[in-house]
Amino acid sequence: MEMRSPLARVRGLGAAHEGAHHWWGQRLTGIALVPLTLWFVWAASGLIGADLATFKAWVGTGQNAVLLILLIVSGVHHAQLGLQVVIEDYVHSEGAKTVSLVLVKLGAVFLGVINVFAILKLTFGS
Amino acid sequence: MARRERPLSPHLQVYRLPRTAILSITHRMTGVALSGGILILTFWLTSATYSAECFAWAQDIMGSWIGQIVLWGVLFSLYYHLGNGIRHMIWDTGAGFDLPTVHRSDYLVIAFSIIATAATLGCVYFVIGG
């Protein structure tokens with residue numbers, strides 16, 4: 001016998017009432033990070049031991065600045081989604097779990113903003 | 001009769017994890033390591049916004065032997081997480097889920113992460129001469 005109401009069946013959200021939002025965000029950012037991280041490894045290899053002038057010239061091209069911002073934004077989003085699942089699975093005390101989740105979520109936004117600001121400052125700053 | 005405390009399953013102290021499980025937990029551990037990599041990237045980018053000396057100091061730290069070991073660890077984590085992440089997306093389509101195929105792709109992911117790390121290491125030290 002079907003135990004779910006017809007509405008619940010149509011919504012298809014299951015017991016967590018959350019749906020595929022987390023899953024989909026993880027996949028989308030994961031797909032974006034495949035080319036972005038490979039590009040970054042290649043680009044960063046050329047900057048080993050570089051001085052600030054060389055580094056600024058490299059970031060300052062619009063293309064590199066845009067790719068760096070895309071890398072950072074998809075990176076922090078992907079990381080906080082992944083760390084959220086790790087915390088939910090391994091931190092069992094409700095208080096510690098909530099505090100860790102808040103720190104990870106806010107920390108991700110904080111790191112994202114710091115890095116984007118740094119990239120813009122290196123690109124447009126004096 | 002008193003109830004005995006039974007071990008929860010899988011009882012990790014006595015249960016030898018199958019290779020698939022080791023690769024699965026490695027995916028999480030490399031993911032956590034890569035989150036640490038974001039902190040290193042933040043350190044690198046923000047140091048450049050202060051001064052030439054500050055950036056040179058950051059470059060020196062990352063170029064030190066301990067810095068290099070950490071960066072190679074992050075790079076290995078990246079290649080592993082990338083290779084295994086692509087495998088997860090293939091699994092999402094429903095393909096490659098039978099056990100013989102999973103055992104083959106296990107070795108493919110391990111080989112890819114080791115070879116890609118070694119190839120990057122070779123490029124950096126011998127081609128670029130870093």
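Points worth noting:
- Taken together, the criteria exclude B:ALA21 from residues that are free of Cβ contacts under 8 Å to residues at least 40 places away in the same chain and within 12 Å of another protein chain (Cβ to nearest Cβ).
- Enumeration of residues in segment A:13-61 that are open to solvent by 50 Å² or more (accessible area, probe 1.4 Å) and assigned to a helix (DSSP H, G or I): A:HIS21, A:TRP23, A:TRP24, A:LEU28, A:ILE31, A:PRO35, A:LEU38, A:TRP42, A:ALA53, A:THR54, A:LYS56, A:ALA57
- For B:LEU34: the one exception among (1) more than 11 Å from the chain's Cα centre (by Cα); (2) assigned to a helix (DSSP H, G or I): (1)
- Filtered residues of segment B:30-59 (kept if more than 9 Å from chain A (Cβ to nearest Cβ) and either more than 17 Å from A:LEU47 (Cα to Cα) or open to solvent by 40 Å² or more (accessible area, probe 1.4 Å) (or both)): B:THR30, B:ALA33, B:GLY36, B:ILE40, B:PHE43, B:TYR50, B:TRP57
- Test: residue in segment A:63-85 that is in a helix (DSSP H, G or I), touching a residue at least 60 places away in the same chain (Cβ under 8 Å), more than 10 Å from chain B (Cβ to nearest Cβ) and buried (at least 17 other Cβ atoms within 10 Å of the Cβ): yes
- Residues in segment B:89-113 that are in contact (Cβ under 8 Å) with a residue 24 or more places away in the chain and open to solvent by 50 Å² or more (accessible area, probe 1.4 Å): 4 in all.
- Residue within segment A:16-26 that is touching a helix residue (DSSP H, G or I) at 6+ places or on another chain (Cβ under 8 Å), under 23 Å from B:VAL127 (Cβ atoms) and of a type in the set (Gly, Ala, Ser) present: no
- Given (1) open to solvent by 40 Å² or more (accessible area, probe 1.4 Å); (2) farther than 21 Å from A:LEU68 by Cβ; (3) more than 7 Å from chain A (Cβ to nearest Cβ), index of the condition B:LEU71 fails: (2)
The values are calculated or read from the model by the stated rules, or taken from the named source; none is laboratory data. Computed from a prediction, not measured in an experiment: that's the story for all the values here. Cβ: placed from backbone, ideal geometry, glycine included. Neighbour counts: every protein chain shown. Heavy atoms of the whole protein, side chains included, go into the accessibility calculation; ligands, DNA and RNA do not. Shrake-Rupley method; radii C 1.70, N 1.55, O 1.52, S 1.80 Å.
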